[in-house]
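**Student:** Questions regarding the structure given below will be posed in turn.
The values are calculated or read from the model by the stated rules, or taken from the named source; none is laboratory data. These figures come from a predicted structure and were not determined experimentally. Here the Cβ positions follow ideal geometry from the backbone for every residue, glycine too, while neighbour counts run over all protein chains shown. Accessible surface areas use protein heavy atoms only, side chains included; no ligands, DNA or RNA. Shrake-Rupley method; radii C 1.70, N 1.55, O 1.52, S 1.80 Å.
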Amino acid sequence: MVGGGAMGCGIALELAIAGRQVVLYNTRADSSERARAKLERDAALLVETGLLAAEQVPSALGRIRRTTVLAEAAVAQDLVIESIPEDLALKQQLFRELDRLAAPDTLLATNTTALSVTAIARDCTRPERVLSAHYYLPAHLVPLVDVIPGEKTSPDAVETVRRFLASLGKSPVVFARDVPGSVGPRLQQALIGEAIRLVHEGVATPEMVDQVLTQGVGRRLGASGVFDRLDLVGLDFMTALLRGAGRPVPPVLAQKVERGELGQKTGQGFYAWTPESTAAYEERMARHLATQLREDRAAGRLRAPTTELEE
């Protein structure tokens, strides 16, 4: 593991908990010491929340060896994951070094959020072994990992990393080609951009936007994505909303409406729907929201209803 910041520590901790030996590289001793403290805090929180037994902590942390020598993180490793700042020249320099130090069959994975895998692997002699394993922060708590090949990445390398991530209990999604920025970060960028515009235009304050996300829109995202939600509300209804707001209707949406594929109510939208799958979706959503509401009330974040009128 190259880079012991918040992301790198999360990846290292997850690997160690799963029984893997990890070499965690930082450029300086003080950074390595901060990584040690971060790993201990993250492990303690896992214990506190019941995700890790206290007796597992010493052995898990003992499987992480910290170093300031890059060769120790590259030599005799099956997989090297990089998580350093988003600077293309810096990553290219690192991968040139990793390509030189690592064994010919070692897989080299970048955790880049916005850069091209192909560009990062430009100077590598074995670009077929280079790919992206893009985690979401905090890495040890978010299941999703994007697996993205470069132009020269071999299918075997992609499948090996996919299987490895799945063995850790992750939820890897494999992309067919190099996608700078990937899907998750681009969706986040769109959301952030719209949030900033709303504040800039005086429509809402930052506090209002965050409240809408955490107590409204965001609550549903744990059990529902974009396209199943579109099918639920109706593609014809969404088309009318876009037109009413003066926004263009995407061709794929207009085409589905023209074909009468309106979502759950017609049995076909972006997904196929049956009465059984519709009922299962609605129950999953209701259970998810009920669990969140109960936890918020128990933690005092939201008040429970009262039968008495306030003065």
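**Student:** Of Glu40, Glu33, which residue is part of a helix (DSSP H, G or I), at pLDDT below 95 and either open to solvent by 30 Å² or more (accessible area, probe 1.4 Å) or touching a helix residue (DSSP H, G or I) at 6+ places or on another chain (Cβ under 8 Å) (or both)? Before the answer, list the steps.
**Tutor:** Values: Glu40 fails: at pLDDT below 95.
After ruling out the rest, the residue left standing is Glu33.
**Student:** How many of the residues making up segment 43-56 are hydrophobic (A, V, I, L, M, F, W, C) and in a helix (DSSP H, G or I)?
**Tutor:** So the answer is 6.
**Student:** Somewhere in segment 1-10, is a residue farther than 21 Å from Ala133 by Cα and either of a type outside the set (Gly, Ala, Ser) or not in a helix (DSSP H, G or I) (or both)?
**Tutor:** Going residue by residue through segment 1-10, those that are farther than 21 Å from Ala133 by Cα are none.
Taking every residue of segment 1-10 in turn, none turns out to be farther than 21 Å from Ala133 by Cα and either of a type outside the set (Gly, Ala, Ser) or not in a helix (DSSP H, G or I) (or both).
**Student:** Moving on to the next point. What are the residues in segment 67-83 that are hydroxyl-bearing (Ser, Thr, Tyr) and over 17 Å from His140 (Cα atoms), if any? Steps first, answer last, please.
**Tutor:** So the first thing to find is which residues in segment 67-83 are hydroxyl-bearing (Ser, Thr, Tyr), and the list is 67-68, 83.
Scanning segment 67-83 gives Thr67, Thr68.
**Student:** Here is a list of conditions, (1) closer than 20 Å to Gln92 by Cβ; (2) in contact with a helix residue (DSSP H, G or I) (Cβ under 6 Å, 6 or more places away or on another chain); (3) open to solvent by 40 Å² or more (accessible area, probe 1.4 Å), and Leu137 meets all of them except one; can you say which number that is?
**Tutor:** With respect to (1) closer than 20 Å to Gln92 by Cβ; (2) in contact with a helix residue (DSSP H, G or I) (Cβ under 6 Å, 6 or more places away or on another chain); (3) open to solvent by 40 Å² or more (accessible area, probe 1.4 Å), Leu137 is out only on (1).
**Student:** Identify the residue in segment 43-60 that is closer than 25 Å to Phe164 by Cα and of a type in the set (Val, Ile, Thr) and, among all such residues, is surrounded by the fewest Cβ atoms within 10 Å (Cβ to Cβ).
**Tutor:** Filtering first and then ranking leaves Val47.
**Student:** Then there's this: In segment 261-268, is there at least one residue being in a helix (DSSP H, G or I), touching a Phe, Trp or Tyr at 6+ places or on another chain (Cβ under 8 Å) and open to solvent by 90 Å² or more (accessible area, probe 1.4 Å)?
**Tutor:** no
**Student:** In segment 283-301, which residue that is touching a helix residue (DSSP H, G or I) at 6+ places or on another chain (Cβ under 9 Å) and more than 17 Å from Val226 (Cβ to Cβ) is modelled with the lowest pLDDT?
**Tutor:** Filtering segment 283-301 for residues that are touching a helix residue (DSSP H, G or I) at 6+ places or on another chain (Cβ under 9 Å) and more than 17 Å from Val226 (Cβ to Cβ), the one modelled with the lowest pLDDT comes out as Arg301.
**Student:** Yes or no: Ile64 farther than 18 Å from Leu137 by Cα, crowded, with 16+ Cβ neighbours inside 10 Å, in contact with a helix residue (DSSP H, G or I) (Cβ under 6 Å, 6 or more places away or on another chain) and in contact (Cβ under 8 Å) with a residue 12 or more places away in the chain?
**Tutor:** Against the criterion (farther than 18 Å from Leu137 by Cα, crowded, with 16+ Cβ neighbours inside 10 Å, in contact with a helix residue (DSSP H, G or I) (Cβ under 6 Å, 6 or more places away or on another chain) and in contact (Cβ under 8 Å) with a residue 12 or more places away in the chain), Ile64 qualifies.
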